[in-house]
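Novice: Before I ask anything, here is the structure I am working with.
We did not get these values from a lab; they are worked out from the coordinates using the rules stated. Keep in mind that what you see is a predicted model, and the values were worked out from it rather than measured. Counting neighbours? That spans all protein chains shown, and the Cβs are built from the backbone with ideal geometry, glycine included.
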Amino acid sequence: MAVPRITEAFRTGAGMGWHEHNEGVFHGCEKFFRPDYAANLVASWIPALDDVEAKLKAGANVADVGCGHGASTILMAKAYPKSTFTAFDYHEGSIKAARESAVRAGVADRVKFQVAKAKEYPGKNYDFVAVFDCLHNMGDPAGAAKHVLSTLKSDGTWMIVEPFAHDDLADNLNPVGRVYYGGSTLLCTPCSRSQEVGLCLGAQAGEMRLRDVVTSGGFKRFRRATETPFNIMFEARP
Ligand SMILES: C[S@@+](CC[C@H](N)C(=O)[O-])C[C@H]1O[C@@H](n2cnc3c(N)ncnc32)[C@H](O)[C@@H]1O
């Protein structure tokens, strides 16, 4: 069903927003990424960040931006019951599905889902902001970085989870890279292109390019915290 629309977008270069895709894309995305989050987010990604795990255990104010169906938010809410979570996505249908998932998971009391763009989401003084596999989908990821910085406490942390990629294209020509380049061409890059700025980072941007984007948004510290075969986790701090 989406093929004629995607074909047209390739011809015109106009891009195609995430919200314009079929329902199956949103479910498929959750099914693709959730297993890596379920296996690693609480067990190893958060512990790889400086100071964050202790804050989450004690009770922190957290934002999950570009949350999709909320898989990451719900996993964190279950693991850190003293913390409060607000998750944002510009796609209304995903926010509705995320709210329903939170009710089913029994965490609706400490998780809020709201429709908002990454450059505009409300709230201040977050201890921890996370973006899961979505920074590269945004039209203006540097603008989003600037906004994240303005909403974080001065000792806060931004965790950027991105698809695993090396800096050089030749090093990404492996089975994982092929999956991501396919998804990037059909979903991620057209999504970015459909938005303001339209930077089109793509799902295989790599650490050097991502560092540029994050530091151009005003973050002073940026490091690779950890990785799996499917994802790289970066820690950015003011
Ligand atoms: C690949 S999905 C990842 C969803 C979720 N974080 C996950 O890991 O399952 C990318 C998400 O980014 C969202 N998105 C794209 N551009 C956005 C923007 N400018 N502001 C907020 N969300 C955005 C899309 O609606 C979509 O839910």
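Novice: Expressed as a whole number of Å, what is the distance separating the alpha-carbon centroids of the stretch 117-165 and the stretch 211-238?
Specialist: That distance is 11 Å.
Novice: Just flag the trypsin sites (Lys or Arg not before Pro) in the stretch 1-102 sitting in loop per DSSP whose Cβ has no more than 14 other Cβ atoms within 10 Å. Walk me through the intermediate numbers first.
Specialist: Working: sites: ARG5, ARG11, LYS31, LYS55, LYS57, LYS78, LYS82, LYS96, ARG99; in loops: LYS82.
Here the sparse-neighbourhood loop sites are LYS82.
Novice: According to the square roots a ≥ b ≥ c of the eigenvalues of the Cα gyration tensor, what is the shape class of the stretch 171-238, taking rounded for a/c under 1.5, prolate for a/b larger than b/c otherwise, and oblate for the remainder?
Specialist: Here the stretch 171-238 falls in the oblate category.
Novice: Excluding same-chain residues fewer than 8 positions from LYS96, which lysines have a Cα within less than 20 Å of its Cα?
Specialist: Cross-link targets: LYS31, LYS78, LYS112, LYS117.
Novice: Pick out which of ALA38, ALA170, ALA63 has the largest mean-square fluctuation in a Gaussian network model of the chain, springs linking Cα atoms closer than 10 Å.
Specialist: ALA170
Novice: Would you work out if the stretch 22-237 is rounded, prolate or oblate? Take a ≥ b ≥ c from the square roots of the eigenvalues of the alpha-carbon gyration tensor; rounded if a/c is under 1.5, else prolate when a/b is larger than b/c, oblate otherwise.
Specialist: Working: a/c = 1.38, a/b = 1.22, b/c = 1.13.
Note, shape of the stretch 22-237 comes out rounded.
Novice: Still on this structure, I have one more. Can you tell me how the stretch 33-148 classifies by the Cα gyration tensor, rounded, prolate or oblate, using a/c under 1.5 as the rounded cut?
Specialist: Taking the square roots of the gyration eigenvalues as a ≥ b ≥ c, the stretch 33-148 is rounded.
Novice: Taking the 0 to 90 degree range and rounding to the nearest ten, how far is the long axis of helix 141-151 tilted relative to the main principal axis of the chain, both from C-alpha atoms?
Specialist: For 141-151 against the chain, the angle is about 10 degrees.
Novice: I'd like to compare 214-225, 107-118: which one has the highest average count of other Cβ atoms within 10 Å, and what's the full order after that? Please report the intermediate quantities before stating the final value.
Specialist: Working: 214-225: 16.6, 107-118: 18.7.
Ranked by mean Cβ neighbours within 10 Å, highest first: 107-118, 214-225.
Novice: In deg cm²/dmol, rounded to 500, what helix-only [θ] at 222 nm does the chain give when every DSSP H run of at least 4 residues adds -39500 (n - 2.57) and the total is split over its residues? Kindly include the intermediate steps, with their values, before the conclusion.
Specialist: Values: 9 runs with 93 residues, N = 238.
Estimated from H runs of four or more residues: -11500 deg cm²/dmol.
Novice: Right, another one. Which of the lysines could be linked to LYS220 by a straight reach, that is with a Cα gap under 17 Å, when you skip same-chain ones fewer than 8 residues away?
Specialist: Straight-distance partners of LYS220: LYS146, LYS153.
Novice: What fraction of the DSSP beta bridges in the chain is antiparallel, stated in percent and rounded to the nearest 5?
Specialist: 40 percent
Novice: Could you give the longest part of the chain that holds none of the GluC sites (Glu not before Pro) found in DSSP loops with at most 14 neighbouring Cβ atoms within 10 Å? If you can, show how the numbers build up before the last one.
Specialist: Working: sites that count: GLU120, GLU196.
Maximal segment without exposed cleavage sites: 1-119.
Novice: Once amide H atoms are built 1.01 Å from N in the peptide plane, which residues 5 or more positions from TYR126, or in another chain, come under 5 Å H to H?
Specialist: Amide H neighbours of TYR126, under 5 Å, 5+ apart: LEU152, LYS153.
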